[in-house]
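What follows is calculated from the coordinates using simple rules that are stated; it is not laboratory data. Because the structure is a prediction, the values reported are computed rather than measured. Virtual Cβ from ideal backbone geometry, glycine too; neighbours counted across all protein chains shown.
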Amino acid sequence: MVFWFRRIEPVDRLIVGIGNPGLEYAKTRHNVGFRVVDLVAMQLGVQSEEAKFKGIFAAVKFGDLTIGLLKPMTYVNLSGQSVSEAVKKLNLATEQILIVLDDAQIPLGKLRLRAKGSSGGHKGLQSIIDALRSEDIPRLRIGIGSPPEDIDLATYVLSPFEPEEETIIAETIEKAAEAVKVWAKEGIEVAMKRFNR
């Protein structure tokens with residue numbers, strides 16, 4: 001008996017949005033990474049997604065590049081399980097990956113791109129760093145603002161944005177999607193100069 005396996009198409013870049021699966025988390029602060037990936041997918045005309053790499057994956061053409069879009073379904077703190085599987089199966093170097101995540105240490109609506117560095121306490125990014133055994137992973141941090149003094153961080157990141165904040169974050173997600181595309185085409189240095197303001 002012959003078994004046929006679907007060949008995994010090579011990708012030039014992999015964009016990973018960090019977030020939690022499920023409708024109850026969709027609009028929470030922790031899920032801005034998912035929202036950016038969803039917007040990029042819409043803008044680039046993704047026709048279908050599939051369950052792959054312990055996540056939801058799609059590949060799409062962007063000019064002469066093939067872009068992979070990944071949303072790990074492992075929950076934030078275990079994001080590394082999904083990312084490491086994708087990186088291995090797609091045979092990618094760390095510089096070909098961009099992690100998109102929330103950051104409570106950055107003011108609401110600000111973007112910060114970095115080529116490498118520590119997790120800054122973000123458990124999802126730390127999971128990816130641990131799984132890939134490297135801090136040399138480009139990342140796009142999206143400012144969600146700091147929690148009030150009477151709310152702990154874990155509760156805060158799992159809470160939805162206030163209506164006035166949602167207006168700001170929706171605009172920020174648009175900018176972040178643009179930053180992702182600039183990174184894919186022109187590299188991290190160009191993207192940093194354009195969006196780290």
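Give a residue-ordered list of calculated ³J(HN,Hα) values for region 55-61 (Karplus: 6.51 cos²θ - 1.76 cosθ + 1.60, θ = phi - 60°; whole Hz; x for Gly, Pro).
Here the 3J(HN,Hα) series is x, 9, 10, 9, 10, 8, 7 Hz.
Run the helix sum for the chain: -39,500 (n - 2.57) per DSSP H stretch of 4+ residues, divided by residue count, reported at 222 nm to the nearest 500 deg cm²/dmol.
Taken over the chain, the calculation gives -11500 deg cm²/dmol.
Counting only DSSP beta bridges with both residues in region 79-183, tell me the antiparallel percent, nearest 5.
Close to 45 percent.
Run the reach check for K52 against lysines, Cα to Cα strictly under 29 Å, same-chain hits fewer than 8 apart removed. What comes back?
Hits, sequence-local ones excluded: K27, K61, K71, K88, K89, K116, K123, K175, K181, K185.
By how many nm would the segment from N196 to E162 lengthen if fully extended, with 0.36 nm per residue of separation less the alpha-carbon distance?
9.8 nm
Could you tell me the calculated FRET efficiency between E49 and A170, based on Cβ-Cβ distance and R0 = 22 angstrom, to the nearest 0.05?
The calculated FRET efficiency here is 0.50.
Find, among the trypsin sites (Lys or Arg not before Pro) in region 27-78, those assigned to loop by DSSP (not H, G, I, E, B) with at most 13 other beta-carbon atoms within 10 angstrom.
Passing both the DSSP loop test and the Cβ count: no residue.
Could you tell me the relative contact order of the chain? Use alpha-carbon pairs under 8 Å, at least six residues apart, and round to a whole percent.
Computed value for the chain: 25 percent relative contact order.
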